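The next block holds one structure in the form of structure tokens; read it before the comments.
Coordinate-derived values only; no laboratory data. Remember, it's a predicted structure, so these values are computed and weren't measured experimentally. Because the Cβ atoms are built from the backbone with ideal geometry, glycine has one as well, and the counts that use them run over all protein chains shown.
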Amino acid sequence: MDCEAITEKGITYAALILFGTHAALGRHLSQAEVIFEYRSKETPGQAQQREEFRIGFFSYYDRIWELVNLRNDMQNYQDGLFVFDVPTFNERVVRESLLNAVSHRNYQLSGSVFVRQYRDRLVFESPGGFPPGITVKNILNRQSPRNRLIASILALCGLVERSGQGMNLIYELSIKEAKSLPDFSGSDAFFVSLTLNGLILDGRIFTLMNRIGEERVESFTIGDFLIIDALLHERKITEDLRARIKRLTDIGVVERTGRGKYVLARSFYEVTGRPGVHTRLVGLDRETNKELILAHIRKCGNSGAPLRELHQVLPSHSGRQIQVLLGYLRSEGRIYLDGQTTAARWFVRDNDGNQTDT
């Protein structure tokens, strides 16, 4: 199959980067170099191991992984009778990160791609900032390959499953393995720095994924995983992910607790040993909504508050949800109902529990 590595004008730079010899790269593209370092300490100085690769990418692609895997500790997480063995550095994540560094770097700039391994993390440093139009915020949703021919050849060779989806896979596997999300801090307009933290932060994610079920997890998008990760760690869900929430609520993974408020389903908190967290998160929203309803009824004074106005106070709530909140307030002796059907009105009781209407 013609991969366009060679044209009528001769060998392309893409062919040189992917297949070139050391001598050819030295003559024509000496900055196309990848350097691996292992450092056991954070302090600057000479690395414990260092190998330099100024040769075609396919000649050292496997070697980089071999070097990383030499010091790839296995971590264990036990869930009941099951023990999960998780490598500090996931092979697919490492390979995808290397592919990104080589295919998206700016070859017009001097400098080398660095792969620096520490005991608990990997750092990929690549000359050139993000490709035009790409930022940390949209990196999972937008594709703009800087070196399209290199990316195309890598895809034809079977190293890239789907064009532009490598970073999605890195995020997905990081979440599944209960590790920190990829970290791009330190990147700027001239350099991209990607840190992959290898330590398991929260083993409950393994239990959670097992509870969701392999069949459903296989159908998840990266957006689904990001929502679950955010809710599990009580972070705000970004606006670009909110369109995915409805699907997760429909299949019972996520619960809606109020307007724009969501939590994981109670069963997932129970299976991870944190049912109290679910109660706290839902309870906070419930108390806030009760106070909103009570404040409106109080403002209505002697006229009372019709049910239709209470729907205006909490427009995201169904009629049933409104009735449940009113039931709580009524059982607490804070409000009472006077009248029937559409003429019924809600009133506030005074501090002694007496009716306040006249």
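Worth a mention:
- Residue by residue, segment 237-253 carries 3J(HN,Hα) couplings of 7, 6, 4, 5, 9, 5, 5, 8, 5, 4, 4, 5, 6, 5, 9, x, 8 Hz when phi is fed to the Karplus relation 6.51 cos²θ - 1.76 cosθ + 1.60 (θ = phi - 60°); x denotes Gly or Pro.
- Look at Asp229, Asp350, Asp285, Asp240 and count the other Cβ atoms within 10 Å of each Cβ; fewest to most, that gives Asp350, Asp240, Asp285, Asp229.
- In the chain, the longest principal axis of the Cα atoms and the axis of helix 319-331 are about 60 degrees apart.
- Under the combined filter of DSSP loop state and at most 15 neighbouring Cβ atoms within 10 Å, segment 182-234 retains these GluC sites (Glu not before Pro): Glu234.
- Every helix of 4 or more DSSP H residues in the chain counts as -39500 (n - 2.57), and over all residues that averages to -12000 deg cm²/dmol at 222 nm.
- Among Ile237, Ile64, Ile11, Ile170, a tally of other beta-carbon atoms within 10 Å of each Cβ gives an order, fewest to most, of Ile11, Ile237, Ile64, Ile170.
- For Val192, the residues whose modelled amide H falls within less than 5 Å of its own, excluding neighbours fewer than 5 places apart on the same chain, are Ser126, Gly128.
- Principal-axis tilt of helix 57-69 within the chain, Cα atoms, nearest 10 degrees: 60 degrees
- Couplings 3J(HN,Hα) for segment 86-99, derived from phi with the Karplus relation 6.51 cos²θ - 1.76 cosθ + 1.60 (θ = phi - 60°), are 10, x, 4, 10, 6, 4, 5, 5, 5, 5, 5, 5, 5, 4 Hz, where x marks Gly and Pro.
- When the Cα gyration tensor is reduced to axis lengths a ≥ b ≥ c, the ratio a/c stays below 1.5 for segment 288-348, which is therefore classed as rounded.
- Comparing Val94, Thr43, Thr21 along the charge dipole axis of segment 15-118, the residue lying farthest to the positive side is Thr21, per the Cβ-charge model.
- Trypsin sites (Lys or Arg not before Pro) lying in DSSP loop within segment 133-237, provided at most 12 other Cβ fall within 10 Å: Lys137, Arg142, Arg162, Arg235, Lys236
- Residues whose placed amide H lies under 5 Å from that of Gln75, excluding near-sequence neighbours: Val86, Thr88
- Couplings 3J(HN,Hα) of segment 226-232, computed from phi: 5, 5, 4, 4, 5, 5, 4 Hz, in residue order, whole Hz [Karplus 6.51 cos²θ - 1.76 cosθ + 1.60, θ = phi - 60°; x for Gly and Pro].
- Its Cα gyration tensor gives the chain an equivalent ellipsoid; the semi-axes, largest first and in whole Å, are 57, 22, 17.
- Based on Cα atoms of segment 119-193, Rg over Rh with Rh as the Kirkwood radius reads 0.96.
- Which of His296, His28 has the fewest Cβ neighbours within 10 Å, and the rest in rising order: His28, His296
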